[in-house]
Amino acid sequence: LNKCMSFFYTVLCLHLFLYNLFIYSFTVFKFLVCTHLAIKHRWHCSVRSMSSAVRKRRALPSAFPVLDQPLKPIHQHVYEANLRNSSACLKKYTEFSEKVRKGGGENAIARHTQRNRKLLVRDRLRLLLDDEDFLELSPFAGLGLPYGDIPSAGCLTGIGRINGLWCVFIANDATVKGGTAYPITVKKQLRAQEIAIQNRLPCVYLVDSGGAFLPLQSEIFPDKNQGGRTFYNEAIMSAMKIPQVSVVCGSCTAGGAYVPTMAEEAVMVHRIGTIFLGGPPLVKAATGEEVTPEDLGGATLHAEVSGCVDHFAWEEKEAFASTRNIISTLNFQLPEEEETKRKAEEEPLYSSEELLGLAPKDYNYTIDVKLVVSRLTDGSRFQEFKARYGTTLVTGFAKIHGHLVGIVANNGELSYEAALKGSHFVQLCDQRDIPLLFLQNTAPSAARTLNTKQAEINTNRLKAQGSMMSAVACASVPKITVVIGGCHGADSYALCGRAFEPNFLFLWPNARVSVTAPGHAGSLLLPDGEQEEEQKKQEEKLNRRLKEESSAFFSSGRLWDDGVILPQDTRKVLRDSLEIIKQQQYQLSTEKAPSAVLRI
Ligand code: COA
């Protein structure tokens, strides 16, 4: 019995011990979880209070070193050659700008303004936007295409302020073939929408379009990034709380009819705007009935009967005033101090006009890129990073109109060391949430592998460049690329070329864009001793083609960039781009669950 009792007692003690151990561990576990949650909550609170206080705080004071980069006699020969090249490019730039401003030509302008009593697209923008310059995107898109010159791709796009708020506008130019959509028009509209999505900018559509340009329908309609994508994007953006507003100031026929119908809010002008899938000629052909455009799909019908539009305007001026009021209802709160901040900014020590002589004519006419940097940054100041390592890439911090940026600039071939430095610096900026500015001027040709030593160098370079490309692709900070010279080969990817999705990509007029630079076609052809003469001919032919197809205007005509900008305007364009990118911080209602505004 005693043995039984002691066994029973031992089992009981063991049970009690295990039970206590369990309770104790559970209490400790609960304590740890609660502490962790409390710390997490406090951290979140402090982050939140930090971000709400951020606007009231000032940036850390900086006294970055001044770049002492005056022009020296040694630069004179190269500077003058570059200057002559820049003048030739400027002439072409002016010629293209004039061509674009004429839209569809005199007859079309007369038909538009006198017969159709409509305002020209630039006059509409003057009424819509604040009284200041706007950032026009790809104005030369559509020039020099296989199917002809389509001025402004038949549609002006850009970013301008409405009541102080940066908005993307997409405005048809009906003097260009009735505002119909060519393949390049669709591409331009989609790029403007992409910019709106990436930077969370409200969109305003000024619609005046005959729908698809029918002779090229197969290149406009069926594929993913064609016609319907514009409407798809409108829905997606609305769901993302990126406002979509439309003004019907002309014909919205067929596909064009969906732009106002998919918008969150639409304004329509009496006797000028029409919305229908098929116009009066189609009605006559189908039913024999004669009907006026106004009765079939005018502002009265859509404001009073169909409900397709929300605001009726007697004339265009009223429609744009109404649109400005709509923008005022968007839930943004802009900072007040911007004007005073601008006044306090330091200008660079050197004239921006000197950039015309620093814009390289070709790779042999490149001067140290720090001369360019010193003509772009506030007070010509630059906090260089790893100044003595991988010197063919210049990296460092600077301010542009008060905005802190990380600059990555080519200063020769992107060597192994340069690429390692580049990926280190890009990750640093990503870590600190600092926007990146790439000044691209890449080496002309692909590296050749003629011996083992060279093979080893090339392999190492390849690995380092791959690592830099990864760093650039994965960096979640805003990126702006300005091609100041060459944009060739793999180096251009590492310097955030178009495929790496920079928020904006601009070209200087002297820029050249091609897989290898003109004059370097030999590096693409395999040596063939027996067919030397034939190969020479092939090389010359290829070089001619590279020259023809690599100009900045050829690139911009095809919309491989966001526009050609003049070197002396670069600082202003960068200021606007950085302000535009920053604006999303001031939107108040982004946290609600995604849902598009459905009209009906
Ligand atoms: N595809 C190709 N060309 C078109 C076009 C289209 N969908 N719509 C208009 N055009 C051309 C016209 O042929 C004309 O070319 P031209 O200057 O070389 O003569 C030019 O665009 C201007 O058209 P016009 O009709 O003279 O101008 P308008 O100001 O009087 O009218 C429209 C403009 C858009 C209202 C009218 O042309 C129209 O209703 N077009 C048909 C729209 C349509 O049915 N689209 C269906 C697309 S799926």
Checklist entry - Between a first residue in the range 576-587 that is farther than 20 Å from I565 by Cβ and a second residue that is aromatic (F, W, Y), which pairs have beta carbons less than 7 Å apart while being 6 or more apart in sequence or on different chains? => result Q583/W166; Y586/F332; Q587/F332
Checklist entry - Taking L296, is it within 13 Å of the ligand (Cβ to nearest atom), surrounded by fewer than 18 Cβ atoms within 10 Å (Cβ to Cβ), modelled with pLDDT of 95 or more and closer than 24 Å to R117 by Cα? => result yes
Next on the checklist: I'd like the residue in the range 166-178 that is out of contact with any helix residue (DSSP H, G or I) (no Cβ under 6 Å at 6 or more places or on another chain) and farther than 13 Å from R124 by Cα and, out of all such residues, is surrounded by the most Cβ atoms within 10 Å (Cβ to Cβ).
Outcome noted: C167
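Here's the yes/no breakdown for (1) surrounded by fewer than 18 Cβ atoms within 10 Å (Cβ to Cβ); (2) over 18 Å from I484 (Cβ atoms); (3) among the acidic types (D, E):
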| position | (1), (2), (3) |
| --- | --- |
| V513 | no, no, no |
| S523 | yes, yes, no |
| E532 | yes, yes, yes |
| E540 | yes, yes, yes |
| L546 | no, yes, no |
| F553 | no, no, no |
| V573 | no, no, no |
| S595 | yes, yes, no |
Checklist outcome for this item: Scanning the range 205-226 residue by residue, the ones that are free of Cβ contacts under 8 Å to residues at least 40 places away in the same chain, of a type in the set (A, V, I, L, M) and more than 8 Å from the ligand (Cβ to nearest atom) total 1
Checklist outcome for this item: Going through the range 243-285 in order, the residues found to be within 13 Å of the ligand (Cβ to nearest atom), in a strand (DSSP E or B) and within 30 Å of Q583 (Cα to Cα) are V248, C249
Item to check | Enumerated strands (runs of 3 or more DSSP E) restricted to the range 362-443, each holding at least 2 residues that are among the hydrophobic types (A, V, I, L, M, F, W, C) and under 26 Å from S86 (Cα atoms) | outcome: 393-400, 403-410, 436-440
Checklist entry - Mind checking whether some residue in the range 74-96 is at pLDDT 95 or above, closer than 18 Å to G250 by Cα and hydroxyl-bearing (S, T, Y)? => result no
Checklist entry - in a helix (DSSP H, G or I), in the same structural domain as G178 (by the TED database), within 14 Å of the ligand (Cβ to nearest atom) and of a type in the set (A, V, I, L, M), is that true of A319? => result no
Next on the checklist: Looking only at the range 167-202, how many residues end up being away from the ligand (no atom under 16 Å from the Cβ), under 14 Å from the mean Cα position of the chain (by Cα) and on the phi < 0 side of the Ramachandran plot?
Outcome noted: 16
Next on the checklist: Taking the criterion of being without any contact (Cβ under 8 Å) to a residue 40 or more places away in the chain, basic (K, R), not in a helix (DSSP H, G or I) and not assigned by the TED database to the domain that holds G557, would at least one residue in the range 181-200 satisfy it?
Outcome noted: no
Checklist entry - Looking only at the range 110-126, which residues are buried (at least 16 other Cβ atoms within 10 Å of the Cβ) and more than 16 Å from the ligand (Cβ to nearest atom)? => result L125
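The values are calculated or read from the model by the stated rules, or taken from the named source; none is laboratory data. Remember, it's a predicted structure, so these values are computed and weren't measured experimentally. So basically every Cβ, Gly included, is an ideal-geometry build from the backbone, and we count neighbours across all protein chains shown.
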